[in-house]
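Heads up: the structure comes next, in structure tokens.
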């Protein structure tokens, strides 16, 4: 996401336009599924001194406005992405890489008496990079 797109997105949800918000959106545009530490470090690289709390506050505002989605995978810290539509993820058990996949099917709404309002599916496996890497010594 370029700065102009970030400004338009912030205006579209009536959020005040700040350099910190623009920087966070730019980082997420270039690195989907980024963790907090990566976002914080990239924002600091762009803007200089920015507190961790300021980055947390920006993420909270972007989440509340619906511009960002929080992804919580078992065994790892939260990640953030700009894509907020219904989609699923595939995660590598070896390196932790995450990618988007399109949703296949939702369960019937009446199953077990629940009214379904959201679904998150994560497929687990091994990414192409890890599959093509030479075996580590302990695996030989």
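Any read-out appearing in this document is the output of simple, stated calculations on the displayed coordinates, not a laboratory observation. Because the structure is a prediction, the values reported are computed rather than measured. As a convention, Cβ positions derive from the backbone with ideal geometry for all residues, glycine included, and neighbour counts pool all protein chains shown.
Assorted remarks:
- Computed from the C-beta positions of residue 2 and residue 112 and an R0 of 35 Å, the FRET efficiency is 0.20 to the nearest 0.05.
- Percentage relative contact order, region 11-61, counting C-alpha pairs under 8 Å, at least six apart: 40
- Distance between modelled label sites at residue 52 and residue 31, nm, 7 Å Cα→Cβ extension: 1.6
- Distance between modelled label sites at residue 104 and residue 119, nm, 7 Å Cα→Cβ extension: 1.1
- Relative contact order, percent, the chain [alpha-carbon distance under 8 Å, six or more residues apart]: 18
- Computed from the C-beta positions of residue 13 and residue 83, the FRET efficiency with R₀ = 22 Å rounds to 0.90.
- Only helices enter this figure: runs of n ≥ 4 DSSP H residues, each worth -39500 (n - 2.57), summed and divided by the residues of the chain, yield -11500 deg cm²/dmol at 222 nm to the nearest 500.
- Here the gap between residue 133 and residue 95, fully extended at 0.36 nm per residue and compared with their Cα-Cα distance, gives a gain of 12.6 nm.
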